[in-house]
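The values are calculated or read from the model by the stated rules, or taken from the named source; none is laboratory data. What you are looking at is a predicted structure, and each value in this text was computed from that prediction instead of being measured. Here Cβ is always computed from backbone atoms with ideal geometry, including for glycine, and neighbour counts include all displayed protein chains.
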Amino acid sequence: MKKFISNIMILVALTAVSCAEKIDKTVTWPEWASRPILSDLAVVGADGAKAIIAGEKVKFTATIADEYNELKSYTVDVKYAGNEVVSITKDLNGNQANVEIEFDMPFAAYLASGEFYPEVTLTAVNVANGAASTRVAYENNVAVSRPEAPARLYIVDNAGKTIELAKGEGYKYASVEGANLSGLGATFYIAEALNGNKPDYSKLVWGFKDGAIKVVAEGENPIKAPDSAGKGFRYLGFDIYTFKLDKLVNLTITLDRSTLAEQDQSGVKYLALENVNLVRDCEFVFEGFGDLKSMLQPGMFEIMSDKTAKFLGHSTKWSIYYDTVDNWLIVNYADFHAPDQIWVTGEKACFPLGNNDTENEFKYLAGDGKIRFATLSAIIDENGDYRLVVYLKDGFALQLFRRIKWAAEMYAKSLTEDYCVVTADNKFIKPGTEFVPGVYELVFTVTEMDDNQGVGAVVDVSMFPYTL
């Protein structure tokens, strides 16, 4: 028995040695995808300050090490409220790196008042594609505040023409009454200060970068001047919270209820103004109507007063229909068969009103007779995407058409399946798993054009909650 036990002990010992040899890291470890170790992450002002103003330089430091695989690269990502504002990637080599880089902590759109701490994340990758990510801890991060709002701003165009923008309420700036806005150049910058007739880049200067208006450095791209369709501008403005231009074209459309043509379709009585040329950001004056919030489509109009609104649709020929019974106004494409249009129809959907009322529902797929009110026209934005603000109910179904030719179907792909999915035949947009009834903005990006008969176009569909 003792000999038997002794033999077992020897066998166990040999097995242990064998296992140890199998996991000998000096022989087999490089085949295992180790992950870099990240430590000592910190962000401070370039001079070591713990608090800065957005737009100033900061210094990021960290240590990256990997005993078993050589390092390949690292990325520093900075986000404000979930929106990425900085991303820096650099190569690495060896098994250890002491990272130290400086960059501007940008002044970006939607930067709120008061101090906040940006989300700064370090990601490192080794040659075996093992990756690790860590956020900078609160106590090692830098506090950021937005710059003080300047007393005035200046538009500086490519010909050196300058237009002063006076500060209004909040973060809004606008040209003063009587300012000469004629002859605006094809491009311009918006500057906090001037150096002669050029922007002073030691102060804030806005231009165009990565598809949006952003604070830029000297030599970066200007903003493309908006098109007024030859009408010129009544005013120009800029919002330093949203980084969006504000403008009003020098064109006024008066919609006088008493002069509109009366029409009847399938028993539905409405007033119409057909085939009228409208320009984006022109002014509408409504005579003889009631509360504009109860009749105007958000996304198509921005209400300015109790009788006026700014038209937000793109510049083309439109037709206007007012339902006298249900008190809602639809602006639809005038030409049913023109290219570069997207019509949206379906059921359990409607355009939202100022109070989120959903009474005015289009139900074309359910056989509703209000054909004029069974479709909504999407607006083309400056990037060529189509947008539509709509109220969607449980069980909604939407279908897209390139032209009003009901056999000319478009095909869709959802990019936001949490909110909306597309049926297997790629024709109908329906609720996603996270959908709840409410107001949404739909964005359609055409990825394949139609065959000039409206057939075969393909679009990417995105859907986002929208606040009225």
Residue within segment 445-460 that is at pLDDT 90 or above, under 23 Å from L353 (Cα atoms) and assigned by TED's automatic domain parsing to the domain that holds E347 present: no
Within segment 374-428, tally of residues that are at pLDDT 85 or above, part of a loop (DSSP other than H, G, I, E, B) and of a type in the set (F, W, Y): 1
Failed criterion for V268 (all others in (1) in contact with a helix residue (DSSP H, G or I) (Cβ under 8 Å, 6 or more places away or on another chain); (2) crowded, with 17+ Cβ neighbours inside 10 Å; (3) modelled with pLDDT of 90 or more hold): (3)
From S113, S87, residue being more than 18 Å from W206 (Cβ to Cβ), assigned to a loop (DSSP other than H, G, I, E, B), not assigned by TED's automatic domain parsing to the domain that holds Y171 and not aliphatic (A, V, I, L, M): S113
Candidate set from segment 40-67 (those that are in contact with a helix residue (DSSP H, G or I) (Cβ under 9 Å, 6 or more places away or on another chain) and surrounded by fewer than 18 Cβ atoms within 10 Å (Cβ to Cβ)); member that is farthest from A132 (Cα to Cα): V44
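Please go through segment 314-346 and give me each residue that is within 23 Å of I429 (Cα to Cα) and not hydrophobic (A, V, I, L, M, F, W, C), ordered by number.
Listed by number, the residues that qualify are N332, Y333, H337, P339, D340, Q341, T345, G346.
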Segment 429-464 - residue that is without any contact (Cβ under 8 Å) to a residue 40 or more places away in the chain and part of a strand (DSSP E or B) and, of those, nearest to the chain's Cα centre (by Cα): T447
Residue selected from segment 238-249 under the condition touching a Phe, Trp or Tyr at 6+ places or on another chain (Cβ under 6 Å) and not in a strand (DSSP E or B), by the criterion surrounded by the most Cβ atoms within 10 Å (Cβ to Cβ): I240
Filter pass, A186 being under 27 Å from the mean Cα position of the chain (by Cα) and either among the basic types (K, R) or under 28 Å from E169 (Cβ atoms) (or both): no
Residues within segment 227-245 that are acidic (D, E) and at pLDDT below 95, tallied: 1
Total residues in segment 30-54, condition polar (S, T, N, Q) and modelled with pLDDT under 95: 1
